[in-house]
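First up is the structure itself, then whatever we jot down about it.
The values are calculated or read from the model by the stated rules, or taken from the named source; none is laboratory data. Worth saying up front: this structure is predicted, and the values here are computed from it rather than measured. Cβ sites come from the backbone with ideal geometry, for glycine too, and all protein chains shown count toward neighbours. Heavy atoms of the whole protein, side chains included, go into the accessibility calculation; ligands, DNA and RNA do not. Shrake-Rupley method; radii C 1.70, N 1.55, O 1.52, S 1.80 Å.
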Amino acid sequence: MRYARLVDTYESLEATTKRLEMTDHLVDLFKETPPDILDKVVYLTQGKLYPDFMGVELGVGEKVAVRAIANASGHPESEIVRLWKETGDLGTTGERVLERKRQQSLFTQPLTVEAVHSGLDTLARASGRDSLDAKIKILSRLLHDATPREARYILRTVDGKLRLGIADMTILDALSLAFASKEDRPTIEAAYNRCSDLGMVAVYLAHGGLEAVRDIHLKLGVPLRAMLAERVQSMEEIFEKMGGPCLLEYKYDGLRLQAHVFGDGRVRLYSRHLEDLTDQFPDVVKSLRRSIKGHEAIVEGECVPVGPDGEMRPFQEISHRRGRKYNLQKAMEEVPVVFFAFDILYLDGEELMDRPLPVRRKRLESLIREGGGEGVRLSTALETGDIKKAEEFFQESIAAGCEGIMAKSIGEDSVYRAGARGWQWIKYKRDYKAEMSDTVDLVAVGAFAGRGRRGGAYGALLMAAYNPEEDVFETVCKLGTGFDDETLFSLRERFTEHPTIHPRVKSEMEADYWLVPEVVMEVAGAEITLSPIHTCARDVIRKGSGLAIRFPRFTGRWRDDKSPEEATTTKELVEMYRQQLKKVG
Ligand code: ATP
């Protein structure tokens with residue numbers, strides 16, 4: 001399949017902000033794609049080569065990109081650098097330079113999707129001493145064979161800035177329409193939730209239809225999407241929602257990890273966002289290997305720093321492990337961690353995710369008890385329908401250093417719902433007086449120029465919640481407090497600016513800078529109010545009004561483990577607003 005065909009779709013996608021039109025373009029593309037390479041087409045459309053959990057990182061430095069464009073075009077590097085600065089976009093730079101190339105070589109082959117994917121794959125895997133030269137060579141070759149228009153997208157892909165605004169959910173819509181029907185969408189989504197691999201779902205669907213998709217099972221080394229919780233503001237509400245006894249567990253304040261333990265002792269760890277974090281937690285790997293020896297299992301737990309006195313420590317003490325490999329040994333010695341296991345999805349060839357929670361809990365208990373060992377413990381749990389006992393349990397959990405409790409349904413249907421947020425799991429956190437009872441995770445979509453001491457830096461950020469129905473980010477507050485000086489002055493480096501408002505952002509406020517919605521931050525606030533300027537849940541509570549957070553404050557916690565689509569949703573904010581009213585009334 002010609003790469004030019006993919007580029008046609010990229011251009012059509014960029015020309016619209018309407019989700020339905022985007023879906024139609026994708027349906028046409030998927031139908032025309034030979035089934036065998038449908039996975040590659042899906043990944044490339046998302047700006048990747050493989051699903052995230054495989055950890056194959058695309059990306060080249062400035063030197064490689066500039067040298068490759070120079071090789072393919074014959075233009076001096078200085079001119080390319082100058083143009084790049086001017087346009088701010090590597091893709092447009094390459095396209096323009098290649099357009100100016102005087103002679104098209106006689107020996108260029110039309111580029112195929114396969115050639116682009118395999119070229120980029122070799123490029124991504126190049127490592128070691130000669131990798132720089134190897135990367136330049138591969139990219140030069142691809143650009144040499146590319147038309148200027150194709151070069152634009154190849155370069156944006158290697159620069160990590162393809163950004164067509166396509167969410168996973170839109171791809172799932174398109175796959176259902178292309179190979180099954182709209183009604184089959186839940187079956188297809190369920191398969192995706194089990195394997196977290198859109199390319200694989202696409203290939204199975206195109207080859208074997210729904211039957212094949214139903215046959216996608218859990219596999220060690222392939223993380224499933226995390227089950228998520230709803231929130232309530234009082235203990236009474238927990239039991240109202242549960243309609244009877246349930247399993248209460250401490251809600252640990254740490255990092256959620258999905259651990260895959262192989263029979264031969266290998267262990268892989270995935271974040272809630274399904275990133276492979278194995279290398280950051282060799283201590284957890286070791287503990288799990290010892291504790292689950294001789295079994296094959298997928299277990300979920302929260303990884304929490306624990307002091308020498310055995311007390312749980314604040315989560316922030318392990319967050320700095322990310323990206324700082326050289327200090328890992330020191331970090332492990334200074335702040336040991338414990339993995340508190342709370343669920344099991346697979347054990348020795350048996351899929352457990354479709355079994356009710358009490359069955360899973362029993363299996364988990366015997367597995368962890370059998371293994372013993374220091375670094376792995378069971379989450380503290382209590383099955384009860386008694387509100388007084390629940391209150392006591394909640395107080396105990398706070399005293400132990402936890403954030404609150406999780407309440408989990410124990411009914412017949414209490415299966416593990418991968419990728420879904422529902423009332424089977426409910427979180428209930430400590431009530432911070434005069435604050436919103438829970439923090440929210442918002443996406444930065446714009447920034448305002450700082451004044452005075454903050455001159456030259458961002459003074460505040462425009463924050464948004466996610467609206468999954470429309471796949472857009474809707475603004476909810478201007479965030480300017482909670483930053484220490486160092487964070488504030490380096491703030492700009494964390495974001496990617498976008499020349500205009502991003503197509504997936506809905507805002508009526510004019511920001512000084514628009515940002516690509518990709519960074520998630522935890523925000524606390526005093527209350528949720530109605531607002532005429534913010535677009536979050538506009539018209540839902542009152543016509544002409546949206547929701548806003550009053551006195552927002554950054555908690556200091558960057559939610560790098562969350563994708564923007566995993567930010568707090570507009571629907572959750574509506575629910576929080578309603579609960580707040582109930583509390584006052
Ligand atoms: P969410 O995961 O609901 O989007 P979040 O990541 O901000 O939100 P919280 O609001 O803190 O997390 O609540 C859910 C999280 O609580 C889980 O993702 C998990 O990391 C953590 N957690 C701690 N203890 C438990 C437990 N016993 N069972 C399940 N999850 C737990």
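Might you check whether a residue that is within 16 Å of the ligand (Cβ to nearest atom) and β-branched (Val, Ile, Thr) occurs anywhere in the stretch 212-233? So far as the stretch 212-233 goes, yes, one or more of its residues are within 16 Å of the ligand (Cβ to nearest atom) and β-branched (Val, Ile, Thr).
Only one of the listed residues (LEU269, LEU257) is away from the ligand (no atom under 13 Å from the Cβ), part of a strand (DSSP E or B), open to solvent by less than 30 Å² (accessible area, probe 1.4 Å) and modelled with pLDDT of 90 or more. That residue is LEU269. Within the stretch 406-429, can one find any residue that is over 27 Å from the mean Cα position of the chain (by Cα) and within 16 Å of the ligand (Cβ to nearest atom)? Yes, the stretch 406-429 has at least one match. Taking the condition touching a helix residue (DSSP H, G or I) at 6+ places or on another chain (Cβ under 7 Å) and of a type outside the set (A, V, I, L, M, F, W, C), does ARG19 pass? Judged against the criteria, ARG19 is a match.
Looking at PHE239, PHE262, can you tell me which residue is touching a Leu at 6+ places or on another chain (Cβ under 7 Å) and surrounded by fewer than 21 Cβ atoms within 10 Å (Cβ to Cβ)?
Exactly one of PHE239, PHE262 is touching a Leu at 6+ places or on another chain (Cβ under 7 Å) and surrounded by fewer than 21 Cβ atoms within 10 Å (Cβ to Cβ), namely PHE262.
Does THR9 satisfy being open to solvent by less than 10 Å² (accessible area, probe 1.4 Å) and of a type in the set (S, T, N, Q)?
yes
Filtering the stretch 242-272 to residues that are out of contact with any strand residue (DSSP E or B) (no Cβ under 6 Å at 6 or more places or on another chain) and aliphatic (A, V, I, L, M) leaves only MET242. Which residue is nearest to MET521 (Cα to Cα), if the candidates are limited to the stretch 557-575 and must be away from the ligand (no atom under 11 Å from the Cβ) and crowded, with 21+ Cβ neighbours inside 10 Å? Checked the stretch 557-575; the qualifying residue nearest to MET521 (Cα to Cα) is PRO564.
Taking the stretch 152-161 as the range and being within 28 Å of LYS18 (Cβ to Cβ) and open to solvent by less than 10 Å² (accessible area, probe 1.4 Å) as the test, the residues that pass are TYR153, ILE154, LEU155, THR157.
Can you report the number of residues in the stretch 515-539 which are touching a residue at least 12 places away in the same chain (Cβ under 8 Å) and either assigned to a loop (DSSP other than H, G, I, E, B) or charged (D, E, K, R) (or both)?
Qualifying residue count, the stretch 515-539: 15.
Taking GLU392, is it within 30 Å of HIS534 (Cβ to Cβ) and either touching a helix residue (DSSP H, G or I) at 6+ places or on another chain (Cβ under 9 Å) or away from the ligand (no atom under 11 Å from the Cβ) (or both)? Considered against the rule, which asks whether it is within 30 Å of HIS534 (Cβ to Cβ) and either touching a helix residue (DSSP H, G or I) at 6+ places or on another chain (Cβ under 9 Å) or away from the ligand (no atom under 11 Å from the Cβ) (or both), GLU392 comes out as no. The set of residues in the stretch 12-22 being hydroxyl-bearing (Ser, Thr, Tyr) and either open to solvent by 40 Å² or more (accessible area, probe 1.4 Å) or in a helix (DSSP H, G or I) (or both) consists of SER12, THR17.
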